[in-house]
Structures are given as structure tokens and as C-alpha cells.
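Okay, so here's the structure we're looking at.
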Amino acid sequence: MIDLHLHSTASDGSHAPAEVVAIAAGAGVRTLALTDHDTVGGIDEAARAATDHGVDLLPGIEISVAWERRTLHVVGLGIDPAHPGLLALTRGAADTRINRARAIGKSLAKAGIDGALLGASDIAGGEDNLSRSHFARFLVAEGHAKDNRQVFRRFLVRGKPGYARADWVPLAEAVGTIRNAGGLAVLAHPARYKVNAGKLRRALEDFRTAGGAAMEVSCGGGNARELQTLAGLAQEYGLAASQGSDFHGPDKPWARPGKLLPLPADCIPVMDLLTRR
Ligand code: AMP
Ligand code: MN
Ligand code: MN
Ligand code: MN
């Protein structure tokens with residue numbers, strides 16, 4: 001089994017990198033990529049755990065990018081986690097995150113919810129790499145929403161309390177950085193962006209033009225219909241197909257390591273490109 005999209009406590013996952021590897025290996029995953037948001041901080045620990053468990057770990061990252069005034073996610077697979085250009089990008093993203101986290105805290109305070117920045121930092125184990133997921137867990141713990149899903153309907157999104165914009169790197173810059181770091185760029189969970197079909201196609205076009213290699217076709221929580229649609233788009237845009245659960249932990253129970261539909265036979269698996277490099 002292959003799972004090329006997993007999160008740890010290095011970003012907004014609930015389990016430490018070594019635990020993620022152990023959970024994935026226990027579920028039967030033999031090849032995995034740790035793809036934390038905008039950081040490679042968990043990879044060394046995950047690589048050691050992978051050796052212990054006899055599984056293959058691909059160094060990865062999930063970069064938040066700006067495209068047409070919205071945020072898309074680009075996964076980098078097989079990157080060199082010590083590449084200077086990639087590390088510079090992650091430092092920029094870390095600045096963006098702390099500035100946005102402060103703005104989120106202020107916005108929630110204005111809505112009568114105090115202590116959110118401190119609460120989210122406690123949950124994250126520090127102010128580094130604060131994610132909206134950490135604020136979401138704080139809001140659930142404080143009784144402002146019943147679960148993660150409800151948080152992202154009532155808070156933290158445009159037009160709601162706790163929303164703050166973030167200036168992520170442009171799509172083309174992120175793809176270029178992944179390639180410079182020796183990796184393949186993969187458009188993450190294309191069905192999850194709230195865009196119409198035409199706009200998604202424009203994104204795929206721009207992603208391909210920027211040097212993107214693949215898109216996720218089999219995604220955590222995805223169904224057979226979605227799989228077929230995404231496989232068709234991958235073919236149309238000349239992109240290889242990736243598969244990743246987007247495992248985070250108990251916050252997202254539908255995304256379990258390795259719990260993925262198999263890629264349709266007419267797809268070019270991104271693993272083929274990775275092993276051929
Ligand atoms: P950030 O990168 O800090 O903006 O946080 C985005 C993260 O929040 C995503 O990677 C998801 O883990 C989580 N998230 C965003 N939207 C939702 C949603 N509708 N339901 C559950 N989790 C979400
Ligand atoms: Mn996340
Ligand atoms: Mn994502
Ligand atoms: Mn993800």
C-alpha cells in the first residue's frame with residue numbers, strides 16, 4: 001500500500017512523526033510520504049522511524065500557495081529537505097503563519113472569544129507553524145463548536161470571526177522551488193477547492209505550465225465518482241496520478257493512512273516517475 005500525503009505534529013497533525021510512521025506501517029502502508037504544511041521539520045524523525053519499521057519514506061511537504069487570490073495546496077514529493085531554497089520558502093511561510101495567527105487571535109477576541117492565540121499555541125506546543133487546525137481544536141475544546149467541521153463553517157473562513165488572510169507564495173514559485181529541491185510537484189486534493197469546473201481547469205493548466213508533474217487522484221475520503229473525474233482530468237492535462245489520505249489524526253476520522261481507492265489503470269502513477277528519477 002502507498003500513501004503519499006500524511007501530517008504530523010510538525011504541522012497540524014495529532015501524532016508525532018514517528019507515530020505517524022508506526023500507524024501507517026501498522027495499517028499496511030509500505031511506502032509513505034510525510035507532507036507537513038510548509039515545513040520539513042518532521043522528516044528526520046520520520047525517516048528514522050521508517051527504518052525501524054522497514055517501510056520506505058519519501059521526504060515531502062505540502063506548500064500553501066496563492067493562485068488567483070485563493071489558497072491551493074501543492075505537495076512536493078522526493079524533495080531534499082536540506083535544500084536552501086526550500087528552507088527559505090518554509091521560513092517565509094512561518095512568518096506568514098505567525099502574523100496570521102496574531103490576526104486570527106485579534107479577530108476572535110473582537111467576537112468575544114479571548115485567549116485564542118495562547119490556547120492554540122498550547123495545543124500546537126509552541127507558536128511555530130500555527131495552523132487554523134490548532135485554532136479549530138481550541139474552539140471545540142472551549143465549546144464554541146461541536147467539531148472541526150462546524151468550526152470551519154462558523155469561524156476561521158472568509159466573512160466569519162477568526163478569518164485573517166495569508167500571503168502565501170505564488171503557485172509557480174512553489175512549484176519551481178520543489179523542482180529545484182529535486183522533487184515532483186503534485187496538486188493536492190483537487191476536488192476540495194471550492195471552485196467551479198472551469199476554474200479548476202484553469203488551475204490545472206497553470207499548474208502544468210509552471211512545471212507541475214502530478215495531481216492527487218485518490219484522496220482520503222474520496223469516492224469512486226470523484227476518482228474517475230480526477231483521473232480524467234489527470235489524463236487531459238498530462239499529469240501523473242498520486243494517492244494520499246491527508247491523514248491528520250482523530251480530527252479527520254475519514255482520512256486514515258492507506259485507506260484509499262486504487263488508482264484507475266489508465267493513470268500514470270506518480271510512484272513510477274519517482275522511482276525512475
Ligand atoms: P491553514 O493551512 O493553517 O490555513 O489550515 C488549513 C488546515 O485546516 C487544513 O490543512 C485542514 O487540516 C484544516 N481545514 C481547513 N478547512 C477544513 C474543513 N472544512 N474541515 C476540516 N478541516 C479543515
Ligand atoms: Mn491540515
Ligand atoms: Mn491540503
Ligand atoms: Mn494535507
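The values are calculated or read from the model by the stated rules, or taken from the named source; none is laboratory data. Values in this document were obtained by computation on a predicted structure and should not be read as measured data. Reconstructed Cβ throughout: ideal geometry from the backbone, glycine too, with neighbour counts over all protein chains shown. The protein model used for the area step is the full one, side chains on, heavy atoms only, and it has no ligands, DNA or RNA in it. Shrake-Rupley method; radii C 1.70, N 1.55, O 1.52, S 1.80 Å.
Can you tell me which of (1) within 16 Å of ligand 1 (Cβ to nearest atom); (2) under 18 Å from ARG256 (Cα atoms) is the one THR39 doesn't meet?
The one condition THR39 does not meet is (2).
Rundown of residues vs (1) assigned by TED's automatic domain parsing to the domain that holds ASP251; (2) more than 10 Å from ligand 1 (Cβ to nearest atom); (3) open to solvent by 20 Å² or more (accessible area, probe 1.4 Å); (4) in a loop (DSSP other than H, G, I, E, B), yes/no style:
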site: ALA82; (1), (2), (3), (4): yes, yes, yes, yes
site: ARG102; (1), (2), (3), (4): no, yes, yes, no
site: LEU108; (1), (2), (3), (4): no, yes, no, no
site: LEU118; (1), (2), (3), (4): no, yes, yes, no
site: GLU127; (1), (2), (3), (4): no, yes, yes, yes
site: SER133; (1), (2), (3), (4): no, no, no, no
site: LYS146; (1), (2), (3), (4): no, yes, yes, yes
site: ARG149; (1), (2), (3), (4): no, no, yes, no
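Which of the residues that make up region 21-37 are open to solvent by 10 Å² or more (accessible area, probe 1.4 Å) and either assigned by TED's automatic domain parsing to the domain that holds ASP128 or not basic (Lys, Arg) (or both)?
So the first thing to find is which residues in region 21-37 are open to solvent by 10 Å² or more (accessible area, probe 1.4 Å), and the list is 22-23, 25-28, 30-31, 37.
Across region 21-37, the qualifying residues are ALA22, ILE23, ALA25, GLY26, ALA27, GLY28, THR31, HIS37.
Search region 162-179 for residues that are over 18 Å from LEU77 (Cα atoms) and aromatic (Phe, Trp, Tyr) and pair each with any residue that is in a loop (DSSP other than H, G, I, E, B) and open to solvent by 20 Å² or more (accessible area, probe 1.4 Å) when their beta-carbon atoms are under 8 Å apart and the residues are at least 6 apart or on different chains.
Listed by first residue and then by second, the contacts come to TYR163/PHE155; TYR163/VAL157.
Name the single residue that is most open to solvent (accessible area, probe 1.4 Å) among those in region 3-20 being more than 12 Å from ligand 1 (Cβ to nearest atom) and in a loop (DSSP other than H, G, I, E, B).
THR9
Restricting to region 38-57, what's the tally of residues that are closer than 18 Å to THR9 by Cβ, open to solvent by less than 20 Å² (accessible area, probe 1.4 Å) and either more than 16 Å from ligand 4 (Cβ to nearest atom) or in contact (Cβ under 8 Å) with a residue 60 or more places away in the chain (or both)?
Qualifying residue count for the region: 3.
Limited to region 28-37, what total is found for residues that are more than 16 Å from ligand 2 (Cβ to nearest atom) and either within 19 Å of THR9 (Cα to Cα) or in contact with a Leu (Cβ under 8 Å, 6 or more places away or on another chain) (or both)?
So the count comes out to 2.
Being of a type in the set (Gly, Ala, Ser) and part of a helix (DSSP H, G or I) is the filter; apply it to region 135-144 and report the residue that is farthest from ligand 4 (Cβ to nearest atom).
Top of the filtered list is ALA141.
Of the residues in region 233-256, how many are free of Cβ contacts under 8 Å to residues at least 60 places away in the same chain and either open to solvent by less than 40 Å² (accessible area, probe 1.4 Å) or of a type in the set (S, T, N, Q) (or both)?
8
For region 54-88, which residues satisfy the criterion of being within 19 Å of GLY182 (Cβ to Cβ) and acidic (Asp, Glu)?
Hits for region 54-88 are ASP56, GLU62, ASP80.
I need the full set of residues from region 63-80 which are in contact (Cβ under 8 Å) with a residue 12 or more places away in the chain, surrounded by fewer than 21 Cβ atoms within 10 Å (Cβ to Cβ) and within 21 Å of ARG158 (Cα to Cα), in order please.
Hits for region 63-80 are SER64, ALA66, GLU68, ARG70, THR71.
So which of THR51, THR90, THR39 is among the hydroxyl-bearing types (Ser, Thr, Tyr) and part of a loop (DSSP other than H, G, I, E, B)?
THR39
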